[in-house]
Amino acid sequence: MAGGLVVEQLLNGLQFGLMLFLLSAGLTLVLGVMDVVNLAHGSLYMLGAYVAATVAGATGSFWAGVGAAVVATAAVGLVVEATVLRRVYPRDHLTQVLATFALILVFNEGARIVWGPQALLLSVPPELSRPVAVLPNLTYSAYRLVVLGVGAGLAVLLFLVIHRTRLGMWVRAGASNRAMARAMGVPIQQVFAVVFALSAALSAVAGALLGPILAVQVGMGEDILILAFVVIVIGGIGSVKGSLVGALLVGTVDTAGRAFLPPLFAQLMSPEAASNLGPALASVLIYLLMAVVLFVRPQGLFPVRA
Amino acid sequence: MKVKRTAVVCVLLAAVLSLVPWQARSQPRTLRIGFVSTLSGGGAALGVDVLDGFNLALRHLGNRLGGLPVEVLTADDQQNPDVARSAVERLLRRDRADLLTGIIFSNVLLAVGDLVFGSGVFYISPNAGPSEYAGSQCNLHFLNVAWQNDNLHEAMGHYAQLKRYETAFILAPNYPAGRDALTGFKRFYKGQVVSEVYTRLGQLDYSAEIAQIRAARPRAVYAFYPGAMGVNFIKQYAEAGLMQQVPLLLPGFSADADVIRAVGKPMVGVFNSSHWALELFNPINRRFVEDFRRSYNRVPALYASQGYDAALAIDHGLRAVGGDLSRKAEFRNAILSGFDSTRGRVRFNRNGYPIQNYYLRQVVESANGEVVNRLVGTIFRNHGDAYASQCRLR
């Protein structure tokens, strides 16, 4: 049975990590390629979840909701890039932080006005809302398995795009040396627009898929944005591979910390002390991980720039 | 010309001056109630229910409490103690609220309690009932019309004990009411608690905890998760296929209309505890349930009854003192000696917490396909709380 627990927690960690990857891949590309600190990334994630919930509610089809979320969020991403980000590319990071923080406020208030202050309901599609047996002795939520599969599929797809296509080459070139890439004739303006729309679309997928597991509500983007930043700091800014490794690390460490630390503490000390210390330490575990990585490898695990 | 204008001004001034005392005399003083509650985010369903219940009671009372016209000043605390503190400060200092109510979460209440009590303003709690304010820190200015935090969990602990579940896995969010909850459950459950888990307040993904439950194979699971946390926990518990394997016991907070609306059929069969039920047979409750359904087009949860009762309690207390809130002890004692609520006559301990019955309910699917809570039986009769003896108030 202990083996079953470990497998199940591993699946949980992978599923959470892959969703974090969808978010942090976009964030790391925008930061690495465009050199823009995009705090509004979480707002695009929130927008994706809201659109998915609305369309799924109207059409009755969860997957139609996901599709609509991707298209709508990518479109909004293009508009935001053209109207706001393009003006702050040449500015320093502080200006970008201010501009994109303002976007968070605009998106949050906008969502409050359009959808109201209460959380929206996005349900797991009925055909997936049952457990399936993954091992003889272990059942697991079918929906979470699908989320896992979609996340893994998108990760592979993203790798193929980054490493096997011309666009991917431009993106990598932009990430490692922007000035040189521009000098070599890479159409930076178009690449920026595509990268931003792509990152918006990926975060919309994460928002729509996590909607039924978490809750579709105002402010949902900020919680997960912090984790996404932790991931890209661990992985190395601009590196998609780094963000995949970082996301899986954060996902499994966070899940394992919540699952195994409190019972471990309960064996070592009094129940009162354990119930105080266990959850507290479990919640700071990923930040400890980040601190250790920063100490050992300040550039992250897979630094892009020399 | 100039003289004429001066004369006109004088006449106008005189008219204005004569108006002022006339208005002050003929219009009775307005009672300003500061209603701080969680109206957005994952706990919004709770705050909105309490507010709607409170407003319904006001309508039933002709928008007057104890004969005074009422102005309700609402503020959203966003389930954030800091936001609540600044809202309370504003209500007390700028708006000069006469009385405060509305807070849902105990950590929010504990963050503002000293501010309210220190200003000599009454706080009538429709929900949060932390153990801190029930024992040695009980306060003249604090009353809870609903329950002490431990109570519903004590009832479910007693039920688990009666059912003789040998082992139980218990969970709650890591905040004062979560700790009160599991303390209350353990006070009456004498079986073996195989694991006592505290999760982050507001956590929405319970996959790690559910895996632990599956591995621990308890005979029963008890989980206190209000609002969106409860919706997610129960959904994920059902999706993991545990509903058929390990009975899930819940307090009414995690199994009332707000959660049922979101989770639906998977909840059918779940037992839960409450101090109130839709079917409680008394005229106040019948009017409340019928009008609530008609006005808001949904089934009231226990929170709505608590909001309704808070208004009734304030009305009852104010009547006893002729609308004069400065007669504090009399106001308080009038409520403590009992008022008629949606649960019938409710009496109180000296610490300001109720002595009342606690019921067992079960989620069932009615003939027309609606999933609702049905009253099954009574777990405790005239049950108080465990802290009252430590309260030094007379």
Can we say A:Ala111 is within 14 Å of chain B (Cβ to nearest Cβ), touching a Phe, Trp or Tyr at 6+ places or on another chain (Cβ under 9 Å) and in a helix (DSSP H, G or I)?
yes
Looking across region B:238-254 at residues that are of a type in the set (A, V, I, L, M, F, W, C) and at pLDDT 95 or above, the single one that is surrounded by the fewest Cβ atoms within 10 Å (Cβ to Cβ) is B:Val246
Are any of the residues in region A:51-61 within 14 Å of chain B (Cβ to nearest Cβ) and either in contact with a helix residue (DSSP H, G or I) (Cβ under 6 Å, 6 or more places away or on another chain) or surrounded by 13 or more Cβ atoms within 10 Å (Cβ to Cβ) (or both)?
yes
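Name every residue in region A:66-108 that is outside any helix (DSSP H, G or I) and among the basic types (Lys, Arg), in order of residue number.
Of all residues in region A:66-108, those outside any helix (DSSP H, G or I) come to A:89-92.
The one that is outside any helix (DSSP H, G or I) and among the basic types (Lys, Arg): A:Arg91.
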If the Cβ limit is 7 Å and pairs must be 6+ apart or interchain, which residue in region B:267-288 that is within 24 Å of B:Ala160 (Cα to Cα) pairs with which residue that is loosely packed, with under 14 Cβ neighbours inside 10 Å?
none
Subset of region A:169-192 (residues that are under 16 Å from A:Gly238 (Cα atoms) and either touching a residue at least 60 places away in the same chain (Cβ under 8 Å) or not aliphatic (A, V, I, L, M) (or both)):
A:Trp170, A:Val171, A:Arg172, A:Gly174, A:Ala175, A:Ser176, A:Asn177, A:Arg178, A:Val191, A:Phe192
Selection over region B:59-71 where residues are under 20 Å from the mean Cα position of the chain (by Cα) and surrounded by 19 or more Cβ atoms within 10 Å (Cβ to Cβ) yields a count of 1
Inspect all residues belonging to region B:145-166 and state whether any of them is part of a strand (DSSP E or B) and either at pLDDT 95 or above or more than 11 Å from chain A (Cβ to nearest Cβ) (or both).
no
Specify which of the listed residues (B:Ala215, B:Ala177, B:Ala240, B:Ala220) is touching a residue at least 40 places away in the same chain (Cβ under 8 Å) and either facing chain A (nearest Cβ under 8 Å) or more than 27 Å from B:Asn107 (Cβ to Cβ) (or both).
B:Ala220
Taking into account only those residues within region A:134-165 that are within 14 Å of chain B (Cβ to nearest Cβ) and among the aromatic types (Phe, Trp, Tyr), which is nearest to A:Gly238 (Cα to Cα)?
A:Tyr143
Scanning region A:82-123 for residues that are farther than 26 Å from A:Val216 by Cα and acidic (Asp, Glu) gives A:Asp92
Search region B:223-237 for residues being more than 8 Å from chain A (Cβ to nearest Cβ) and closer than 11 Å to B:Ala262 by Cβ, and hand back the single one that is surrounded by the most Cβ atoms within 10 Å (Cβ to Cβ).
B:Gly227
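Within region B:317-331, take every residue that is in a helix (DSSP H, G or I) and out of contact with any Leu (no Cβ under 9 Å at 6 or more places or on another chain) and give me the one that is surrounded by the fewest Cβ atoms within 10 Å (Cβ to Cβ).
My answer is B:Glu330.
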A:Tyr45 fails exactly one of the following numbered conditions: (1) closer than 24 Å to A:Gly236 by Cβ; (2) within 17 Å of the chain's Cα centre (by Cα); (3) modelled with pLDDT under 95. What is the number of that condition?
(3)
Filter region A:292-303 down to the residues that are part of a helix (DSSP H, G or I) and more than 20 Å from the chain's Cα centre (by Cα), then identify the one that is nearest to A:Gly238 (Cα to Cα).
A:Leu294
In region A:25-65, how many residues are among the β-branched types (Val, Ile, Thr) and part of a loop (DSSP other than H, G, I, E, B)?
2
Residue list for region A:68-92, restricted to those being under 15 Å from A:Ser203 (Cα atoms) and surrounded by fewer than 20 Cβ atoms within 10 Å (Cβ to Cβ):
A:Val71, A:Ala75, A:Val76, A:Leu78
Elements of type helices (runs of 4 or more DSSP H) contained in region A:166-277, each with 2 or more residues being within 14 Å of chain B (Cβ to nearest Cβ)
A:188-210, A:220-235, A:240-268
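The values are calculated or read from the model by the stated rules, or taken from the named source; none is laboratory data. Bear in mind the structure is a predicted one, so any value in this text is a computation, not a measurement. Cβ: placed from backbone, ideal geometry, glycine included. Neighbour counts: every protein chain shown.
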